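All of the numbers you see were taken from the coordinates with simple rules; none came from a lab. Here the structure is a predicted model, which is why all the values come from computation and not from measurement. Cβ: placed from backbone, ideal geometry, glycine included. Neighbour counts: every protein chain shown.
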């Protein structure tokens, strides 16, 4: 199922949650948004809609690193002294070389680290856990752990902490139902899905 369909189902989950809690119009909009985003979260393990929204283009990082690397080389050549010149040149060359190896998929890893750092700075455990989720999602295979019960439990913990932090009734449920809706829609019981999900990882890798 594509991202647009997942987002629509997640939005519906958020709307139903808002009605259940008799939310205000503002809270309803927030819960719909949370359901929509949460329904896209499991696909952070691929280059999908949400992944593209939360990460910078790797080309921006590449360009910045290469410019800095070249400036460091020129500065070392004209201003450096003896050994410092070669150290500066070496660092500049290393930055240019390493930056050329950066791909878009690496940007999610960088984003995860950034979110963890932000969570530590703000002393928000749920934000740290979200950063860990993003970081791990950048390495696992598609429809693996992010599409499993383990993923549901971990994301549920994030959502629980988020609701406690923002004090919006229904936030936890909107996030969790949005997330679960994605997994349910990706199961093999639907003819449109050629593949299922490995719901019981790491106990079983059988697709359902």
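In whole angstrom, how far apart do the alpha carbon centroids of segment 153-208 and segment 1-32 sit?
Comparing the Cα centres of segment 153-208 and segment 1-32, I get a distance of 15 Å.
How much length, in nm to one decimal, is gained on full extension between residue 5 and residue 106, taken as 0.36 nm per residue of separation minus their Cα-Cα distance? Kindly include the intermediate steps, with their values, before the conclusion.
Working: separation 101, 0.36 × 101 = 36.36 nm, distance 2.64 nm.
Full extension from residue 5 to residue 106 adds 33.7 nm.
For Cα pairs less than 8 Å apart in space and 6+ apart in sequence, what is the mean separation divided by the residue count of the chain, i.e. the relative contact order in percent?
It rounds to 26 percent for the chain.
By how many nm would the segment from residue 169 to residue 200 grow when fully extended, if each residue of separation counts as 0.36 nm and the alpha-carbon distance is taken off? Mind showing how you got there, number by number?
Working: separation 31, 0.36 × 31 = 11.16 nm, distance 3.00 nm.
Answer, rounded to one decimal: 8.2 nm.
Suppose each label sits 7 Å from its Cα in the direction of the beta carbon; what would the residue 97-residue 121 distance come out to in nanometres?
3.2 nm
GNM, the chain, Cα, under 10 Å: largest mean-square fluctuation among 35, 144, 69?
Of 35, 144, 69, the Gaussian network model singles out 69 as fluctuating most.
Looking only at 77, 173, 108, which one moves most when the chain is put into a Gaussian network model with springs between Cα atoms under 10 Å?
77
Once the mean 1/r over all distinct Cα pairs of the chain is inverted, what Kirkwood radius in angstroms do you read off?
Kirkwood radius, the chain: 19.1 Å.
What residue among 12, 65, 185 shows peak mean-square fluctuation when the chain is described by a Gaussian network model with Cα springs under 10 Å?
Highest fluctuation among the options: 65.
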